[in-house]
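The structure appears below as structure tokens.
We did not get these values from a lab; they are worked out from the coordinates using the rules stated. Remember, predicted model here, so these are calculated numbers, not experimental data. Heads up, the Cβs are rebuilt from the backbone with ideal geometry, glycines too, and the neighbour counts pull from every protein chain shown.
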Amino acid sequence: MPETASPFPRRPEDVPRWTAQRARTPPRLDGRLAAECWRTAAWTPRFVDLVDGRAVHLDTRAAILWDDEHLYVGFRLEEPDVTATLTERDSRIWLDDDVELFVAGPDAYWELEVNAFNTVYEVLFGWDRADTAEAFAGDPALQREHLRAAPFDGVDFRPHPRGSRTGYWGFDLPGLRTAVHVDGSLNDPGDVDRGWSVEIAVPWAGLAPLAAGRALPPADGDEWRVALCRFNTRRRDDSGGWSWSPHGVWDSHVPELFPIVRFDRGA
């Protein structure tokens, strides 16, 4: 029988699989990624172009760690001219150079963006299926007026096979911590920087809207989808978006194409 065509820009079965290592000692968040847990962590391959998977000219890698309290993500970015402009929380950080973290559950996903000023932007997205809507309706934290719920139709991958979704633009994940270190000088075009690094601690309890009944922290062997991206205001012959794994389209909001991360207590 002929193979059924995927409704997505890439085949979901081709996404990377990864095992997150447990952090024996929580990292001290200063953005430098100098703690022993980061030095001994497994780092992803070099990021590639988000659209076509081609190699890009600057090195970007990330690592994922965890313990019973937090999911930890570290980014290392090569960059000869580190810049940032936005300093107000939930500004349109994608207009700056940034890193982006996506964490997806079965019926919802969360997006975090961080620039070199350590300014953050975050949104919670939920699919507009009846059971998801009912679950969100039962969560008082998602019903407050300040969450600014509005329809979201994706970026360049439309329509999504799963239908419509809602974005909660006022959502702030409780207890989230981020830190940035610039190896060079920020916003100084007169010198050559080495790059910048980002350290993120996400409390598992804050990811409850994504869990759909799964254990938090994850049970041994549980799998979550986690996407790691870098976006650049200056482009060469690439799309300007780089990621751990390509999506085949200029759209990072395709959770079916996020890498699969396994949480193994024995790792």
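Run lengths n ≥ 4 of DSSP H only: what is the helix-derived mean residue ellipticity at 222 nm for the chain, with -39500 (n - 2.57) per run over all residues, to the nearest 500? Don't skip to the end; give the middle numbers.
On the way: 3 runs with 16 residues, N = 267.
Taking each H run of at least 4 residues, the total per residue is -1000 deg cm²/dmol.
Counting other C-beta atoms within 10 Å, and keeping those with at most 13, which DSSP coil GluC sites (Glu not before Pro) do you find in region 1-92? Walk me through the numbers before you get to the answer.
Numbers: sites: E3, E13, E36, E69, E78, E88; in loops: E3, E69, E88.
Loop-located and lightly packed - E3, E88.
Please rank C229, C37, fewest neighbouring Cβ atoms within 10 Å first, as an exposure proxy. Before the final figure, lay out the partial values.
Numbers: C229 23, C37 20.
Result, fewest neighbours first: C37, C229.
Would you please give the FRET efficiency between E36 and D139, computed as 1/(1 + (r/R0)^6) with r the Cβ-Cβ distance and R0 = 30 Å, to the nearest 0.05? Before the final figure, lay out the partial values.
Details: r = 38 Å, r/R0 = 1.25.
The calculated FRET efficiency here is 0.20.
Subtract the Cα-Cα distance of R177 and D52 from 0.36 nm times their separation in residues, and report this length gain in nm to one decimal. All intermediate terms of the calculation are to be shown ahead of the outcome.
Numbers: separation 125, 0.36 × 125 = 45.00 nm, distance 3.23 nm.
Extra length available between R177 and D52 comes to 41.8 nm.
Any idea what the relative contact order of region 186-245 is, in percent, if you count C-alpha pairs under 8 Å spaced at least 6 apart?
Numbers: 24 pairs, mean separation 12.0, N = 60.
In percent, rounded to a whole number, it is 20.
Suppose the chain between D188 and T25 were pulled fully straight at 0.36 nm per residue; how much longer would it get relative to their current alpha carbon spacing? Walk me through the intermediate numbers first.
On the way: separation 163, 0.36 × 163 = 58.68 nm, distance 3.57 nm.
So the chain would gain 55.1 nm between D188 and T25.
Whole Å is fine, so just give me how far the alpha carbon centre of region 219-267 lies from that of region 116-160.
Value for the Cα centre distance between the two parts: 19 Å.
Rounded, prolate or oblate: which one fits region 1-99, using the alpha carbon gyration tensor with axes a ≥ b ≥ c (rounded when a/c is under 1.5, else prolate when a/b beats b/c, else oblate)?
Here region 1-99 falls in the oblate category.
Remind me, relative contact order of the chain in percent, using alpha carbon pairs under 8 angstrom and six or more residues apart?
Numbers: 608 pairs, mean separation 79.3, N = 267.
This gives 30 percent for the chain.
Test of understanding: what is the full-extension gain from D222 to D14, defined as 0.36 nm times their sequence separation minus their Cα-Cα distance?
Working: separation 208, 0.36 × 208 = 74.88 nm, distance 1.92 nm.
Here the answer is 73.0 nm.
Hull surface divided by four, with the convex hull built on the Cα atoms of the chain: how many nm²? Walk me through the intermediate numbers first.
Values: hull surface 60.3 nm².
The number I arrive at for the chain is 15.1 nm².
Tell me, F75, F152 in order of fewest to most beta-carbon neighbours within 10 Å? Intermediate values should be presented prior to the final figure.
On the way: F75 28, F152 18.
Ranking F75, F152 by Cβ neighbours within 10 Å, fewest first, gives F152, F75.
Which ordering of F117, F258, F8 is given by a fewest-first count of other beta-carbon atoms within 10 Å? If you can, show how the numbers build up before the last one.
Details: F117 19, F258 25, F8 16.
The order, fewest Cβ neighbours first, is F8, F117, F258.
I need the calculated FRET efficiency for the pair A5 and D68, taking r as the beta carbon distance and R₀ as 51 Å, to the nearest 0.05. It would help to have the intermediate numbers written out before the result.
On the way: r = 42 Å, r/R0 = 0.82.
Approximately 0.75, to the nearest 0.05.
Can you tell me, using C-alpha contacts under 8 Å and at least 6 residues apart, the relative contact order of region 151-212 as a whole percent?
Working: 57 pairs, mean separation 17.6, N = 62.
The normalised contact order for region 151-212 reaches 28 percent.
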